[in-house]
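Take a look at the structure set out below.
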Amino acid sequence: MPVDPVNSALSQRPAAARAPARVALALGMAGALGEELLALLIASSAYRQVVVGVTQPLGSATARFSPWVMGQGYPIVDEAWICVTGDETFVPSASPIFRVDEAGLLDAATVAKSCGAARLTVVAPLAALLQLGAGAQGVSSSSEIALVEMGFNPLVIVRPTAADADAPGASLPQRIVLSAARAVADIMLPQYARALSAKSAARAIVEAHSAAPRGVTVLGARALLKLTEARFPLLRPRRKGTPR
């Protein structure tokens, strides 16, 4: 019988706490969600080192945080995390973090494979409206099929709801239209399809990663909300009609 990764994450896992610390490769940790994920990985006792892909040499203030300039050899790791960012994610031009967009996902996975990663978790935000379709719950693109064929085991694909696109140069009329569209979406969309805060999404993603069974697991926004409400009730989003 297949294992439900959400229910597995909600159960106690005493054996996992005794597992030896691992080395993780973290690619694309840009934007608010990427930064929250990276902070959780570095703080976790499950890892003795987190190798972070960067574009230029960078100092490290902690023993677990190990910046790695992409292309300069290959570190040896146990598993890999790839955070995909799109146009909706603001990343300062001066940021040294190596960014991974949808077109670069397979290249990043190839790098992870070259570093020896047996396990891969991909975080690929999906627009709120697309969370309503069946594609949010399964492997649905040629890139994801290629990931499956690369032999990562387990392979975890997580699809949190993408945040609203930033438009720093938008005119006043454009900002008014965007604000109106967000207000309509907040009313019409089901609770699970709305974007979680970066902190809530990151914690739910780490929980899902830790409990994922062997094989391929795909988690959409509905599963992440379920994990958040069960594991981190103080971080769950406010439901319509409830007092602040």
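The values are calculated or read from the model by the stated rules, or taken from the named source; none is laboratory data. The structure displayed is predicted, hence computed values, not measured ones. FYI the Cβ positions are ideal-geometry reconstructions off the backbone, even for glycines, and counts take in every protein chain you see. Calculation scope for accessible area: heavy atoms of the full protein, side chains included, ligands and nucleic acids excluded. Shrake-Rupley method; radii C 1.70, N 1.55, O 1.52, S 1.80 Å.
Scan segment 40-62 and tell me whether some residue there is of a type in the set (D, E, K, R) and touching a Ser or Thr at 6+ places or on another chain (Cβ under 9 Å).
Our first condition is that a residue be of a type in the set (D, E, K, R); within segment 40-62, this holds for 48.
Still in the list and also touching a Ser or Thr at 6+ places or on another chain (Cβ under 9 Å): none.
Scanning segment 40-62 turns up no residue that is of a type in the set (D, E, K, R) and touching a Ser or Thr at 6+ places or on another chain (Cβ under 9 Å).
Determine which member of the set Ile145, Ile176 is assigned to a helix (DSSP H, G or I), at pLDDT 85 or above, open to solvent by 50 Å² or more (accessible area, probe 1.4 Å) and out of contact with any Leu (no Cβ under 6 Å at 6 or more places or on another chain).
On the way: Ile176 fails: at pLDDT 85 or above.
So the residue among Ile145, Ile176 that is assigned to a helix (DSSP H, G or I), at pLDDT 85 or above, open to solvent by 50 Å² or more (accessible area, probe 1.4 Å) and out of contact with any Leu (no Cβ under 6 Å at 6 or more places or on another chain) is Ile145.
Here's the yes/no breakdown for (1) in a loop (DSSP other than H, G, I, E, B); (2) touching a Pro at 6+ places or on another chain (Cβ under 9 Å):
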residue: Glu36; (1), (2): no, no
residue: Gln49; (1), (2): no, yes
residue: Val52; (1), (2): no, yes
residue: Leu58; (1), (2): yes, yes
residue: Ala61; (1), (2): yes, no
residue: Trp68; (1), (2): no, yes
residue: Gly104; (1), (2): no, no
residue: Ala108; (1), (2): no, no
residue: Ala112; (1), (2): no, no
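Suppose we keep only residues that are out of contact with any helix residue (DSSP H, G or I) (no Cβ under 6 Å at 6 or more places or on another chain) and open to solvent by less than 40 Å² (accessible area, probe 1.4 Å) within segment 99-108. Which one would you say is nearest to Gly86 (Cα to Cα)? Please lay out each step first, then the result.
Step one: filter segment 99-108 for residues out of contact with any helix residue (DSSP H, G or I) (no Cβ under 6 Å at 6 or more places or on another chain), giving 99, 101-104, 107-108.
Retained after the next criterion (residues that are open to solvent by less than 40 Å² (accessible area, probe 1.4 Å)): 104, 108.
Details: Gly104: 11, Ala108: 15 Å.
Checked segment 99-108; the qualifying residue nearest to Gly86 (Cα to Cα) is Gly104.
From (1) on the phi > 0 side of the Ramachandran plot; (2) open to solvent by less than 60 Å² (accessible area, probe 1.4 Å); (3) not charged (D, E, K, R), pick out the condition that doesn't hold for Met29.
Of (1) on the phi > 0 side of the Ramachandran plot; (2) open to solvent by less than 60 Å² (accessible area, probe 1.4 Å); (3) not charged (D, E, K, R), only one is false for Met29: (1).
Going residue by residue through segment 60-76, is there one that turns out to be over 19 Å from the mean Cα position of the chain (by Cα) and of a type in the set (D, E, K, R)?
Looking for residues that are over 19 Å from the mean Cα position of the chain (by Cα) and of a type in the set (D, E, K, R), one finds at least one in segment 60-76, hence yes.
If a residue has to be of a type outside the set (Ser, Thr, Tyr) and buried (at least 18 other Cβ atoms within 10 Å of the Cβ) to count, how many in segment 55-66 make the cut? First the steps, then the outcome.
In the first step, residues of segment 55-66 are kept if they are of a type outside the set (Ser, Thr, Tyr); the result is 56-59, 61, 63-65.
Adding the requirement that they be buried (at least 18 other Cβ atoms within 10 Å of the Cβ) leaves 64-65.
Looking only at that region, the number is 2.
I'd like to know if segment 62-71 contains one or more residues that are at pLDDT below 90, more than 15 Å from Ala202 (Cα to Cα) and of a type in the set (A, V, I, L, M). If you could, list the steps in order and put the result at the bottom.
Here is the first cut: in segment 62-71, the residues at pLDDT below 90 are 62-64, 71.
Next, only the ones that are more than 15 Å from Ala202 (Cα to Cα) stay: 62-64, 71.
Still in the list and also of a type in the set (A, V, I, L, M): 63.
For segment 62-71, residues at pLDDT below 90, more than 15 Å from Ala202 (Cα to Cα) and of a type in the set (A, V, I, L, M): present.
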